[in-house]
Amino acid sequence: MHTIGEKMATTDNSPESLLAKYGKLQVKLDLAGFYQVEAQIEAMAAGLGITALGLERDIGSLSGGQRTKVLLWKLLLEEPDVLLLDEPTNYLGDVHVDWLSNYLKNYKNSFIIVSHNEQFLIEVTAVIYHLENQTIKRYSGNYAAFLKNYEQSRQQLHQAYEKQQQKIQRLEHFIDKNRMRKAKQAKSREKMLEKMDQIRKPGSTVKPQFSFHVHCNTANQVVKAQNLQIGYNAPLFPGGSCLFVP
């Protein structure tokens with residue numbers, strides 16, 4: 001567009017082809033939201049609390065949490081087809097979490113979230129995938145709906161388990177009692193029992209166990225420091241010496 005504009009500025013009678021091409025490019029930029037880019041950048045920066053950090057500031061001077069916020073800002077501006085967010089509310093204040101919730105509610109593409117923030121999940125999710133007993137089950141609705149439906153499904157599973165256990169006991173009792181007198185019928189019940197898809201007892205999820213083997217003794221001194229300061233512009237901990245022992 002700049003090149004076309006320069007050509008038209010140096011020509012007394014601009015060819016209609018240049019004007020038409022300039023107009024097409026103008027429409028293309030308008031439809032792409034080109035003229036709203038700067039405003040969008042600033043609005044997102046304010047929503048995530050990045051404006052207070054200073055938009056002209058070098059990223060190398062930011063803390064780890066601040067850099068994480070900047071990366072989130074970058075991802076949201078790129079608007080990928082599938083946005084993957086792992087604990088996106090970390091390092092965000094309540095106001096900024098509210099802003100992110102509203103943004104995701106209106107996000108035009110798909111997004112997948114892993115988060116421990118229940119209220120945030122209630123606000124933004126439409127589908128929950130729950131992993132339990134080596135099985136993934138899909139629940140429609142937000143996190144609050146998932147909790148309700150999950151409890152109902154657990155109760156139904158418990159009832160189905162109890163009902164099946166009663167049936168198994170009846171079959172086993174019949175087989176033991178009639179193994180000799182009614183061998184054919186007992187054999188039929190045995191086959192029925194073998195083919196039965198038994199329901200796992202609810203609440204019998206195997207809990208993970210961890211074991212760490214230490215191959216060396218710990219040091220007597222963990223950290224020894226002199227003239228230590230903790231903080232940024234204004235130190236939270238003034239300079240001094242310290243010693244940490246196990």
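Laid out as a table, the results:
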{"quantity": "FRET E, pair Arg67, Lys108, Förster distance 25 Å, beta-carbon r, rounded to 0.05", "calculated": "0.40"}
{"quantity": "Share of Cα-Cα pairs in the range 71-176 lying beyond 24 Å, as whole percent", "calculated": "42"}
{"quantity": "Per-pair calculated FRET efficiency, R0 = 25 Å: Thr3 and Leu31 via Cβ, rounded to 0.05", "calculated": "0.75"}
{"quantity": "Accessible solvent surface per residue of the chain, calculated while the other protein chains remain in place, 1.4 angstrom probe, Å²", "calculated": "78"}
{"quantity": "Label-point gap, in nm, between Glu87 and Asp176 - each point 7 angstrom along Cα→Cβ", "calculated": "5.2"}
{"quantity": "Spacing of the two label points (7 Å from each Cα toward its C-beta) at Val214 and Asp94, in nm", "calculated": "4.2"}
{"quantity": "Cα coordinate range in the range 120-200, projected on the principal axes (Å, largest first)", "calculated": "64, 18, 15"}
{"quantity": "nm² value of the averaged projected area, convex hull over the Cα atoms of the chain", "calculated": "29.8"}
{"quantity": "Whole-Hz couplings from phi, Karplus 6.51/-1.76/1.60, listed for the range 92-101; x for Gly and Pro", "calculated": "10, x, 4, 4, 6, 5, 4, 4, 5, 4"}
{"quantity": "Calculated from backbone phi, Karplus (6.51, -1.76, 1.60) coupling profile of the range 186-196 in Hz, x at Gly/Pro", "calculated": "5, 5, 5, 5, 4, 5, 4, 5, 5, 7, 5"}
{"quantity": "Only Lys, Arg (+1) and Asp, Glu (-1) charged, at Cβ; the chain dipole about Cα centre in debye", "calculated": "2620"}
{"quantity": "Accessible surface of the range 1-41 [probe 1.4 Å, protein heavy atoms]: carbon and sulfur percent", "calculated": "58"}
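The values are calculated or read from the model by the stated rules, or taken from the named source; none is laboratory data. The model shown is predicted, which means the values in this text are computed figures rather than measured ones. So basically every Cβ, Gly included, is an ideal-geometry build from the backbone, and we count neighbours across all protein chains shown. Heavy atoms of the whole protein, side chains included, go into the accessibility calculation; ligands, DNA and RNA do not. Shrake-Rupley method; radii C 1.70, N 1.55, O 1.52, S 1.80 Å.
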